[in-house]
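First comes the structure, then the notes that go with it.
The values are calculated or read from the model by the stated rules, or taken from the named source; none is laboratory data. All values derive from a computational prediction rather than experimental measurement. Every residue, glycine among them, receives a Cβ derived from its backbone with ideal geometry; neighbour counts consider all protein chains shown.
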């Protein structure tokens, strides 16, 4: 939950190139790829700030065998303030639900495990996103019924 705003020094083109580099590294073919990937995520966060959150989220890929890479992305986006990161997560959920439901459910389970994060989620969900968020949370509850009490508000709140 660091304040990354003071580091914004990466323009859109530089962010695009940095994300492309991460996509290449995520294949795990180059020597030292995991360390380079972690460093790349940190650099993007430091230089692009919160504008990079959606681009980082879209690196999540259920077909990847490199869980280390995926968790680097998870930890990177979680380093932002909950309200900011979770609002961007909610906004990206409709596209991520099709692209990467497993990693999306990992992110939401982590959100549900924290009182502060759950409060941020509750604030971020609006009428236009409620059904999509209910879909991902429904997938979570189907696999982990223990989360049921933490998500009733999504389904039953007006």
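Against the test of being part of a helix (DSSP H, G or I), touching a residue at least 12 places away in the same chain (Cβ under 8 Å) and farther than 29 Å from residue 23 by Cα, the options 123, 135, 146, 105 yield a single qualifying residue, 123. Residue check: is residue 141 in a helix (DSSP H, G or I), out of contact with any strand residue (DSSP E or B) (no Cβ under 8 Å at 6 or more places or on another chain) and closer than 20 Å to residue 75 by Cβ? Taking the combined requirement at face value, the residue does not satisfy it.
Of the helices (runs of 4 or more DSSP H) lying entirely inside segment 23-84, not one is found with 3 or more residues being over 24 Å from residue 122 (Cβ atoms) and in the same structural domain as residue 124 (by TED's automatic domain parsing).
When each of 90, 141, 111 is tested for being closer than 25 Å to residue 66 by Cβ, surrounded by 15 or more Cβ atoms within 10 Å (Cβ to Cβ) and not assigned by TED's automatic domain parsing to the domain that holds residue 67, the lone residue that passes is 111.
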